[in-house]
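**Q** Before I ask anything, here is the structure I am working with.
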Amino acid sequence: MTPAPTIALFAKYPRAGHVKTRLAPLLGENGAAQLHRRLVERTVATLRESGLPFTVHYSGACAADFSDWLGDDVPLEEQGGGDLGERLAQVEAPGIVLGADIPGLSVRHLHDAVKALEVLPVAIGPASDGGYYLLGFTQAIPQLWQDISWGSDTVLQETRDRLDSLKIPHAFLDELDDCDRPEDLAQWPWLMP
């Protein structure tokens with residue numbers, strides 16, 4: 001039996017001026033950092049509730065700062081250097097990479113990803129902005145992380161094209177909205193600092 005994938009939550013430390021910078025004009029740097037803090041904490045709570053194995057891949061502070069913030073029972077792994085693709089490529093298979101800026105993420109979405117990976121080698125949770133909030137894989141696929149226009153609205157299409165060119169079947173999960181821009185906040189007023 002294949003082991004359950006470990007969810008790799010990619011999270012930055014909530015330091016003002018270093019996170020959610022596109023929201024800073026509306027919220028200020030401290031407000032944007034507080035919003036990021038809430039999103040990460042909410043995602044970690046969802047991971048805990050899911051009962052699935054997970055690790056927080058951290059950046060922006062040391063492991064001790066993350067333990068103080070999220071709890072010393074949260075498994076931590078440093079993201080390391082390089083662009084996002086190089087950092088994602090370090091996650092071992094079977095794995096699920098996950099972002100922390102999806103307020104609508106639920107336990108069901110995580111379980112749906114695991115179920116999809118029981119049938120197909122890749123599962124993608126598309127984000128409405130043209131990226132994805134989650135990508136699961138049962139085996140290492142180094143090409144999946146190379147030469148992608150990270151941060152653009154073509155990430156999902158580029159990833160899908162790459163999978164198609166490699167003839168790797170994949171499942172799509174529910175599309176969810178992320179929270180990156182001031183206009184995104186209208187959906188989630190409870191996130192406002």
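The values are calculated or read from the model by the stated rules, or taken from the named source; none is laboratory data. This is a predicted model, so every value here is computed, not measured. Note: ideal-geometry Cβ built from the backbone for every residue, glycine included; neighbour counts use all protein chains shown. The accessibility values were calculated without ligands, DNA or RNA, using every heavy atom of the protein model including side chains. Shrake-Rupley method; radii C 1.70, N 1.55, O 1.52, S 1.80 Å.
**Q** Would you work out if the stretch 119-193 is rounded, prolate or oblate? Take a ≥ b ≥ c from the square roots of the eigenvalues of the alpha-carbon gyration tensor; rounded if a/c is under 1.5, else prolate when a/b is larger than b/c, oblate otherwise.
**A** Details: a/c = 2.89, a/b = 2.01, b/c = 1.44.
Cα axes put the stretch 119-193 in the prolate bin.
**Q** Right, here's the next one. Between [x] 0.97; [y] 0.94; [z] 1.10, which entry matches Rg/Rh (Cα atoms, Kirkwood Rh) as derived from the coordinates of this structure?
**A** [y]
**Q** Okay, moving on. Note down the relative contact order for the chain as a percent, whole number, built from C-alpha pairs under 8 angstrom at least six residues apart.
**A** Working: 337 pairs, mean separation 46.2, N = 193.
Normalised by residue count, the contact order of the chain is 24 percent.
**Q** How big is the antiparallel share of DSSP beta bridges in the chain, given as a percent to the nearest 5? All intermediate terms of the calculation are to be shown ahead of the outcome.
**A** On the way: 9 of 26 bridges.
Approximately 35 percent, going by the DSSP bridge assignments.
**Q** Protein chains only, probe 1.4 Å: how do LYS167, LYS115, LYS20, LYS12 rank by accessible area, largest first? Present the calculation step by step, with values, prior to reporting the outcome.
**A** Details: LYS167 170, LYS115 120, LYS20 30, LYS12 100 Å².
Largest to smallest exposure gives the sequence LYS167, LYS115, LYS12, LYS20.
**Q** Highest GNM mean-square fluctuation, the chain, Cα pairs closer than 10 Å: which of ILE141, ILE168, ILE124?
**A** Result: ILE168 has the largest fluctuation of those listed.
**Q** When the Cα centres of the stretch 28-43 and the stretch 98-171 are compared, how far apart do they sit, in Å?
**A** So the separation of the two Cα centres works out to 24 Å.
**Q** Let me ask something additional. If DNA, RNA and ligands are ignored and the probe is 1.4 Å, what is the ranking of THR46, THR138 by accessible area, most exposed first? Before the final figure, lay out the partial values.
**A** Numbers: THR46 10, THR138 50 Å².
The ordering from most to least exposed comes out as THR138, THR46.
**Q** To continue, here is another question. For the chain, give the percent of accessible area contributed by carbon and sulfur heavy atoms, probe 1.4 Å, rounded to a whole number.
**A** Working: 4460 of 9220 Å².
Carbon and sulfur: 48 percent of the exposed surface of the chain.
**Q** Which value, in debye to the nearest 20, gives the size of the charge dipole of the chain about its Cα centre, when Lys and Arg are +1 and Asp and Glu are -1 at the Cβ?
**A** Value, rounded to 20: 160 debye.
**Q** Charges on Cβ only, +1 for Lys and Arg, -1 for Asp and Glu, centred on the Cα centroid of the stretch 1-60; of ALA33, SER59, ALA4, which one is farthest towards the dipole's positive end?
**A** Farthest towards the positive pole: ALA33.
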